[in-house]
1. State, to one decimal in nm, how far the label point of residue 7 lies from the label point of residue 45, with both points 7 Å from Cα in the Cβ direction.
2. Describe numerically, in nm with one decimal, the distance between label points set 7 Å from Cα along Cα→Cβ at residue 83 and at residue 22.
3. Ranking 28, 101, 1 by Cβ neighbours within 10 Å, fewest first, what do you get?
4. By counting other Cβ atoms within 10 Å of each Cβ, how are 99, 84 ranked from fewest to most?
5. How big is the antiparallel share of DSSP beta bridges in segment 2-104, given as a percent to the nearest 5?
6. If eta is 1.306 mPa s and T is 10 °C, what Stokes-Einstein diffusion coefficient results for the chain, Kirkwood Rh from Cα pairs, in µm²/s?
7. In whole Å, what is the distance between the alpha-carbon centres of segment 1-43 and segment 57-105?
8. Within 10 Å of each residue's Cβ, count the other Cβ atoms and sort 88, 20 from fewest upward.
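What follows is calculated from the coordinates using simple rules that are stated; it is not laboratory data. Please read these numbers as outputs of a predicted model, since none were measured by experiment. When we count neighbours, we look across all protein chains shown, and the Cβ atoms used for this are built from the backbone with ideal geometry, even at glycine.
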Ligand SMILES: CC(C)(COP(=O)(O)OP(=O)(O)OC[C@H]1O[C@@H](n2cnc3c(N)ncnc32)[C@H](O)[C@@H]1OP(=O)(O)O)[C@@H](O)C(=O)NCCC(=O)NCCS
């Protein structure tokens, strides 16, 4: 787990787990701290950590409508590798798709 801190407060976090050489992660930045490079710093730290720990790939899942996150991941060299269709049940009864994105290290 990586956290970003500002004035003693956690303003972002990224959890990453390297199972079989593929390091999978999820991340978020506090709404009032976005657009200032916090997500980029967390993501770079995660990629460096994965490389240092022998992972051959970094991967994640993201909602297809999450343009901010998809743009961030593309900027860091991630590519779309697939789409899980009607995969995640939501509280309102809908089933949402998710994109799989990955970057080979
Ligand atoms: C996605 C998220 C982590 C980005 O964090 P951030 O700190 O705002 O990102 P940065 O400031 O480092 O931005 C880096 C790049 O991401 C892209 N980006 C970030 N916010 C964007 C937005 N609102 N629209 C389009 N692109 C965006 C840009 O390419 C940006 O680079 P630029 O500043 O040179 O244009 C943040 O928006 C977030 O926490 N969202 C809610 C939770 C979430 O979606 N988590 C990911 C789940 S898969």
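1. 1.9
2. About 1.9 nm, to one decimal.
3. Final ranking by Cβ density, sparse to dense: 1, 28, 101.
4. Going from least to most buried by this count: 84, 99.
5. The antiparallel proportion sits near 90 percent.
6. Details: Rh = 14.5 Å.
Here the translational diffusion coefficient equals 109 µm²/s.
7. 16
8. Numbers: 88 12, 20 8.
The most exposed by this proxy come first: 20, 88.
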